[in-house]
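Data first, discussion second: the structure below is written as structure tokens.
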Amino acid sequence: MKVIKIDKAQWTKGLDALREGYRLYGPVKEKEIACFRELADGQTPDSEIKNTRLSPKSLVFPQSEAMMAYSLDKNDDEQGICKEVPKDYSPRAVLGIRPCDAKAMVLVRMNFDNGDYRDPYWLNLYEATTFVGMACDNPCSTCFCTTAGCGPYHEEGLDLLLSDQGDHYLAKVLSDKGQALAQKAGWTTEADGQPMESGKATAEGKITAAVETDRLRALDTLALHGADFWEDISFSCINCGTCTFVCPTCWCFDIQDEVYGKKGVRMRNWDSCMFPIFTVHTTGHNPRDTKLQRLRQRFMHKLKYFVDKYDKGIMCVGCGRCVQQCPVNIDIRKVSHAMNSLDAENFCAVQGK
Amino acid sequence: MTAYTEKIREIAQRLLKECKVEMVIGFRAGTMPMMNEPCFIRKPDQADQLVWDSNCGINLANYLTNRKEGKIGIVAKGCDSRNIVNHILENKIQRDQVVVIGVPCLGMIDKRKITRETEGEILAVTETDGKVSVQTAGGETTFDKADVLQSNCRVCTHRNPVIHDEMAGDPVAEQTDVDPYADVKAIEAMSTEDKWNFFDELLSPCIRCYACRNACPLCYCPTCFVDESKPQWVGKSQDPLDIRTFHFLRAYHCAGRCTDCGACERACPVGINMRVLTKKLNKDCLEQYGWEAGLSLDSRPALDIYNPNDPDEFIK
Amino acid sequence: MENPYLPYPVRIDDIIVESEDRSLKTFKFVFLNPEDEKKFAYSAGQFAELSIAGKGEIPIGIASSPVEKGFIKFTVNKAGLVTSHLHNMTVGDIMGVRGPLGNSYPWKQLEGKNVLIVGGGFAFTTLRSSIIYMLDPANRSKFGDITVVYGARSPGMLLYKDELVEWEKRDDINMHITVDGTDDPDWKYNVGFVPPITEQKAPQGDADSYAIVCGPPIMIKFTQPVLEKLGYDHDHIILSLENRMKCGIGMCGRCGIGRELVCKDGPVFTLNQINQTPREY
């Protein structure tokens, strides 16, 4: 696979050339908070940022998005009929996305392109985006990507993978889209990719945190579901939804109609399995009425149901955001340890609550 | 505050051994710097899990409502204990259901402030004798604890628990030379346009995660007004109108009940200082009705009763 | 890219009040665009999202049968925001339908078999679709004996009363209509809860027999032991589950039970499958 050398002196010029064909996005600091935003003219992605507060999933999956619009005016011929709203799917590029977040997009894609249906909103944005990744040579102490099916130099989901070599970047071209972007930016000098290989080994060695997942596939679902450690783990949870909102692999959403006078939109907003009304029926019956059930659902989904359903590993990429930001310090590493080390032999098959 | 940890463990162990309580709610050590995790223990030999330090900012009274247990022990600092009084006055729990392990509090440290003022990723934080040492890959910085206190702790005038059945330490001196409402007064003095911009900026990062509401012990409604659908009061999107409605209305629901414990701000993942809203309403309650929440089991909350002397200039 | 969230516009062609307390109405919809009807080819057991612009969507089982052409029918219980609005709509109003969604009853598997249908209350809708499908002259010979046990709280709460009476008269289907109680002296059929009536009237289960059960959770709870006693294996008992849904196409994550999504992997499951998933529905 081709590797390109990009002199840092050429970086800004390349970005300016890209602006003619792409909308550019990257990690920047907004009032001291690191986040992914559209880059203004002349703005470059901030290379000091390691982990953004919210993941870049909002670039293909906005928190609030209008899906359709309709008129409720009785005099309108088309009243009550939902119509698609105009969207901008012009080419865009994300510069400086980390490998964990890019792999997360690949996992989320399995949901929005599920073999029977395709979600046009997510897929159109995803396919219009070229992902230029930045390898992590200095991972955070909370990163556990290497045990979550990913890694600081992981290539899944990326079109180009950049590695910072001091006065230049080395860029591995991973797809035609990546090639097209590099061409447009004028980054064409080929180079030897060896430093990236050794960089990868060094970076992986710096990861200290881990999740345990080797026994999850084989463990009995009902045994995990009925285990006795959920009460202890879920006690402190305040069902705030922070974990789901910052997580790059969480994709649950809500569909709401909002009406302004005689016009309305049908929109979708991020939703969270942590919220009490997520599963409530019209009758008032709520299958996940208690905090314990909701917390258990989140971890079972991430570490068990997803594993069973797709056989592609856990629904987590080890970015560490939930660990950093949970207000009561519920730690997925602790939970995965509890689940992974469950002694299912001594489990009674009668279902608990 | 390690002396507190020993005492809390001893008290918890004793209460469980003597079957005075079915569970004790406290904190155990977290996995991240400056974080502790609320937990519960049911057996005396689990008492070793409990810790207490300046990272216990989450309000444990939040976990007291709707519990099945008949007798619960709970570790409570000054503001937490006022919320327990509140819960009792609002009939969420009976007085004889709780055994309060009171903790005279010298203030919690502000995790966000320390992160802002430190270069690089924080790996460990330790506190000794009024100094907070912060360790990064690049070295160590030391702060004076007084400089990195949570903003509500800096102006706290109720550090000692107002009710307790046990005490984890001797009472501490209350602060008398602080103005709890200085920040609110600064906003009140702004022009209308400045105030509008201030609140606009304050609430713009909100992602509607409801961490503030969920961390608050006062917010225990079975269905919060933002979750109602028949009728729907508030939209669920990022429309600034809806975001403001949520925050302002929630503040009103906490009027005269908020004890300024700071759990809301601590829980917020995007660092919104929404306490200024509830504090403004607390200030109004104090000035108009002479009322501060949760100080005594013997008086009804201000918005529960009326007095012939209540201010009535608004009646024209 | 086709948009699975976009509803097909339909017009309300007819509204029938099914129950005496007016809480159940059957709506007949006609597609505004005839090509949409072709795209809406469905099997008995599937559901659709009824979409009212400005209010929301509701997942409702399809009550009409694939052999009935030119329209689709749904029986809707007035329960919440969208259903209340729907109940106040009139013939000629425009709304939307998305579907067909979900899996259907396992028709291929049921061919050549005896089918027992047990239904309660207003969950009978997809069972109507199934019965009309099976009784259609083109299909009847594909199935063995057909037995139906259907009960409601009172005679006034039974759905599709005229059709029930017609089916009862036929000799290629064994109808057992029952009510929990009645003070109507002219009531010709059974009186009793669905589980005991099933125990009395339903045929024995064996390798060639399947039971389709659709009803409120309490009815299912007490019917299951009866079916087991009659000899129906857990993978010969077919249930249709309900759960809170929004997208209906397996993407919003709301209706998941374990690794299954009720809107996509279901709503039809065998009892065997359900026994292996956490009881969160």
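Of C:Gly102, C:Gly92, C:Gly96, C:Gly119, which residue is open to solvent by less than 10 Å² (accessible area, probe 1.4 Å) and within 14 Å of another protein chain (Cβ to nearest Cβ)?
Within the list C:Gly102, C:Gly92, C:Gly96, C:Gly119, the selection yields C:Gly96.
So that you can scan it fast, the table gives a plain yes or no per residue for (1) under 24 Å from the mean Cα position of the chain (by Cα); (2) away from chain B (no Cβ under 14 Å):
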{"position": "A:His154", "(1), (2)": "yes, yes"}
{"position": "A:Ala185", "(1), (2)": "no, yes"}
{"position": "A:Thr188", "(1), (2)": "no, yes"}
{"position": "A:Ala210", "(1), (2)": "yes, no"}
{"position": "A:Asp214", "(1), (2)": "yes, yes"}
{"position": "A:Val246", "(1), (2)": "yes, no"}
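Okay, residues lined up against (1) out of contact with any strand residue (DSSP E or B) (no Cβ under 6 Å at 6 or more places or on another chain); (2) free of Cβ contacts under 8 Å to residues at least 24 places away in the same chain:
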| residue | (1), (2) |
| --- | --- |
| A:Lys50 | yes, no |
| A:Pro56 | no, no |
| A:Ser64 | no, no |
| A:Asp77 | yes, yes |
| A:Ile81 | no, yes |
| A:Val85 | no, no |
| A:Lys103 | yes, no |
| A:Gly115 | yes, yes |
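With respect to (1) away from chain A (no Cβ under 14 Å); (2) at pLDDT 90 or above; (3) within 21 Å of the chain's Cα centre (by Cα), the lone exception for C:Arg170 is condition (3).
Sub-7 Å Cβ pairs linking a first residue in the range C:1-25 that is away from chain A (no Cβ under 14 Å) to a second residue that is open to solvent by less than 60 Å² (accessible area, probe 1.4 Å) and of a type in the set (S, T, N, Q), at least 6 apart or interchain, are C:Ile16/C:Thr26; C:Glu18/C:Thr26; C:Glu18/C:Thr75; C:Leu24/C:Thr75; C:Leu24/C:Asn77, ordered by first then second residue.
Kindly establish whether C:Pro216 is closer than 27 Å to C:Ile274 by Cα, under 18 Å from the mean Cα position of the chain (by Cα), open to solvent by 20 Å² or more (accessible area, probe 1.4 Å) and of a type outside the set (Ser, Thr, Tyr). Considered against the rule, which asks whether it is closer than 27 Å to C:Ile274 by Cα, under 18 Å from the mean Cα position of the chain (by Cα), open to solvent by 20 Å² or more (accessible area, probe 1.4 Å) and of a type outside the set (Ser, Thr, Tyr), C:Pro216 comes out as yes.
On the basis of being more than 7 Å from every other protein chain (Cβ to nearest Cβ) and either under 15 Å from the mean Cα position of the chain (by Cα) or open to solvent by less than 20 Å² (accessible area, probe 1.4 Å) (or both), does A:Cys250 make the cut?
Numbers: more than 7 Å from every other protein chain (Cβ to nearest Cβ): yes; either under 15 Å from the mean Cα position of the chain (by Cα) or open to solvent by less than 20 Å² (accessible area, probe 1.4 Å) (or both): yes.
Criteria met by A:Cys250.
In the range C:57-74, the residue that is farthest from A:Ile81 (Cα to Cα) out of those that are open to solvent by 10 Å² or more (accessible area, probe 1.4 Å) and of a type outside the set (D, E, K, R) is C:Val67. Can we say C:Cys252 is at the interface with another protein chain (Cβ under 10 Å from one of its Cβ atoms) and free of Cβ contacts under 8 Å to residues at least 24 places away in the same chain? Considered against the rule, which asks whether it is at the interface with another protein chain (Cβ under 10 Å from one of its Cβ atoms) and free of Cβ contacts under 8 Å to residues at least 24 places away in the same chain, C:Cys252 comes out as yes. Checked against the criteria, C:Leu159 does not count as free of Cβ contacts under 8 Å to residues at least 24 places away in the same chain and open to solvent by less than 30 Å² (accessible area, probe 1.4 Å).
I'd like to check which strands (runs of 3 or more DSSP E) are fully inside the range B:86-196 and have at least 3 residues that are closer than 30 Å to B:Ile72 by Cα and either out of contact with any strand residue (DSSP E or B) (no Cβ under 7 Å at 6 or more places or on another chain) or modelled with pLDDT of 90 or more (or both).
Numbers: elements: B:98-103, B:122-128, B:131-136, B:139-144.
In the range B:86-196, the matching strands (runs of 3 or more DSSP E) lie at B:98-103.
Sub-8 Å Cβ pairs linking a first residue in the range B:207-218 that is more than 7 Å from chain A (Cβ to nearest Cβ) to a second residue that is of a type in the set (Gly, Ala, Ser) and open to solvent by less than 20 Å² (accessible area, probe 1.4 Å), at least 6 apart or interchain, are B:Cys212/B:Ala267; B:Cys216/B:Ala263; B:Pro217/B:Ala61; B:Pro217/B:Ala263, ordered by first then second residue. Listed by first and then second residue, the pairs with beta-carbon distance under 9 Å, at least 6 apart or on different chains, first residue in the range B:46-64 and closer than 22 Å to B:Arg257 by Cβ and away from every other protein chain (no Cβ under 12 Å), second acidic (Asp, Glu) and in a helix (DSSP H, G or I), are B:Ala61/B:Asp80. Which of the residues belonging to the range A:290-323 are within 16 Å of the chain's Cα centre (by Cα), facing another protein chain (nearest Cβ under 8 Å) and open to solvent by 20 Å² or more (accessible area, probe 1.4 Å)? Answer for the range A:290-323, where residues must be within 16 Å of the chain's Cα centre (by Cα), facing another protein chain (nearest Cβ under 8 Å) and open to solvent by 20 Å² or more (accessible area, probe 1.4 Å): just A:His301. The lone criterion from (1) at pLDDT 95 or above; (2) surrounded by fewer than 20 Cβ atoms within 10 Å (Cβ to Cβ); (3) under 13 Å from the mean Cα position of the chain (by Cα) left unmet by A:Leu123 is number (3). Within the range C:233-249, restricting attention to residues that are more than 8 Å from chain A (Cβ to nearest Cβ) and touching a residue at least 60 places away in the same chain (Cβ under 8 Å), the residue that is nearest to the chain's Cα centre (by Cα) is C:Ser240. Selection of the range A:95-114 for residues being surrounded by 24 or more Cβ atoms within 10 Å (Cβ to Cβ) and among the acidic types (Asp, Glu) yields only A:Asp101.
The values are calculated or read from the model by the stated rules, or taken from the named source; none is laboratory data. Quick caveat, the model's predicted, so the values are computed rather than measured. Quick reminder, even Gly has a Cβ in these numbers, built from the backbone with ideal geometry, and neighbours come from all protein chains shown. Note: areas computed on protein heavy atoms with side chains; ligands, DNA, RNA excluded. Shrake-Rupley method; radii C 1.70, N 1.55, O 1.52, S 1.80 Å.
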